[in-house]
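What follows is calculated from the coordinates using simple rules that are stated; it is not laboratory data. Note that the structure is predicted; figures quoted are calculated from it, not measured. No Cβ is skipped: glycine too gets one built from the backbone with ideal geometry, and neighbour counts run over all protein chains shown.
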Amino acid sequence: MDKKGFTLVEILLVVVIIGILAAMVIPNMAGRSEQARQAAAKADIEANLSTSLDLYEADNGKYPTTEQGLKALLVKPTTGPAADNWSGPYLKRKKIPTDPWGHDYVYAAPGSHNPTEYDLSSLGPDGVESADDVVNWMKDDKK
C-alpha cells in the first residue's frame, strides 16, 4: 500500500518549527519599529526643525521665543520680540509636525541646556520627561 501525504507528526513538527522561528523574528521586528521612531524624531529635531529655526534666526536675528513657539515658523508672530524680516512659512508642509508617537515637540528659547539658542526635544514613547527622550543637547556626555 503506497499512500502519499504527511503524517500528523510531520505536520506538528512543521508547525512547531514555524512557531519557534516566529518567536525569534517577531520581537526583533518590534524593536526595529521603535528604533525607526527614535531615528525619525532625531531627524526632525536635528535636521528638519533645526533647519527651519536656523532660517528664521537668519532672517530675524533671533530664534522665536518660548511663547512664540514653533508656530512662529508658520505664521508671523504677533507678540514680541518683533520678527520684522519674517519671510516664512519656514516649514515645507505648512504644519507643525508632531513626534512619531503623536506628541508635540517641546521647544524653549532661550534654552536651559542651550542658553544662546534653543532646546528642542521629543518626550519619547511615554510622553513624559524621562530617559527615552530625544533631545538636541548633550545628555550624560552623550549625544
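A few comments on the model shown:
- Under Karplus coefficients 6.51, -1.76 and 1.60, residue-wise ³J(HN,Hα) of the range 111-128 in Hz, glycine/proline x: x, 7, 8, 10, x, 8, 10, 8, 9, 9, 8, 10, 7, x, x, 7, x, 10
- Gaussian network model of the chain, Cα within-10 Å springs - most flexible of Ile17, Ile26, Ile45: Ile17
- The angle between the Cα long axis of helix 49-60 and the longest principal axis of the Cα atoms of the chain comes to about 10 degrees, rounded to the nearest 10.
- Distribution of pairwise C-alpha distances over the chain, 10 Å bins, in %: 11, 31, 22, 11, 8, 7, 5, 3, 1, 0
- Rough spin-label spacing in nm, given labels placed 7 Å along Cα→Cβ, for Lys92 and Asp104: 2.5 nm
- For the range 78-143, diffusion coefficient by Stokes-Einstein and Kirkwood Rh (Cα), 10 °C, 1.306 mPa s, µm²/s: 115 µm²/s
- Label-to-label distance, Ala82 versus Gln35, with points set 7 angstrom from Cα along the beta-carbon direction: 5.2 nm.
- Only aspartates and glutamates eight or more places from Lys95 in sequence, or on another chain, were considered; those with a Cα closer than 19 Å are Asp44, Glu46, Asp54, Glu57, Glu67, Asp104.
- Rounded to the nearest 500, the 222 nm mean residue ellipticity of the chain from helices alone is -12000 deg cm²/dmol, with -39,500 (n - 2.57) taken per DSSP H run of at least 4 residues.
- Additional length obtainable on full extension of the chain from Glu129 to Ser50, 0.36 nm per residue less Cα span: 26.4 nm
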